[in-house]
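Okay, structure first, notes after.
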Amino acid sequence: MSREHESLECTYVLERVYAFLDHELDEASGDEIRLHLISCEPCLERFDIEQAFKSLVARRCGGDVAPQQLREKIVSRLSQGRPQAQA
Ligand SMILES: [Zn+2]
């Protein structure tokens, strides 16, 4: 497992990622989040997962099928974070 060190800024950003995804932030705050994500790889990866999940759920609700590549990416990320990924 890789060690993560999150700065205060990272914590701030990650706490607001959901609001950002839901477009609940004002433009200035949204830019702040976006700028941090661009320059911070750990946060970008984290954000990428949240966004992928959101689009997966949205697509499933819409009756559409998520791209296979996206699903594999999410599954591999998840299994990396779980000690027991297989039943
Ligand atoms: Zn960060």
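Quick notes
- Elements of type helices (runs of 4 or more DSSP H) contained in the stretch 1-84, each with 3 or more residues being modelled with pLDDT under 80 and surrounded by 11 or more Cβ atoms within 10 Å (Cβ to Cβ): 41-61, 68-81
- Qualifying residues in the stretch 20-53 (those that are out of contact with any helix residue (DSSP H, G or I) (no Cβ under 8 Å at 6 or more places or on another chain) and among the aliphatic types (A, V, I, L, M)) - the one nearest to Arg77 (Cα to Cα): Leu35
- Pairs are defined by a Cβ separation below 6 Å, a sequence spacing of at least 6 or placement on different chains, a first member in the stretch 29-53 that is farther than 25 Å from Gln68 by Cα, and a second member that is more than 8 Å from the ligand (Cβ to nearest atom) and of a type in the set (D, E, K, R); the pairs so defined are Ile33/Arg16.
- The set of residues in the stretch 30-43 being among the hydrophobic types (A, V, I, L, M, F, W, C) and near the ligand (Cβ under 8 Å from one of its atoms) consists of Leu37, Cys40, Cys43.
The values are calculated or read from the model by the stated rules, or taken from the named source; none is laboratory data. The structure displayed is predicted, hence computed values, not measured ones. Here the Cβ is made from the backbone with ideal geometry for all residues, glycine too, and neighbour counts use every protein chain on show.
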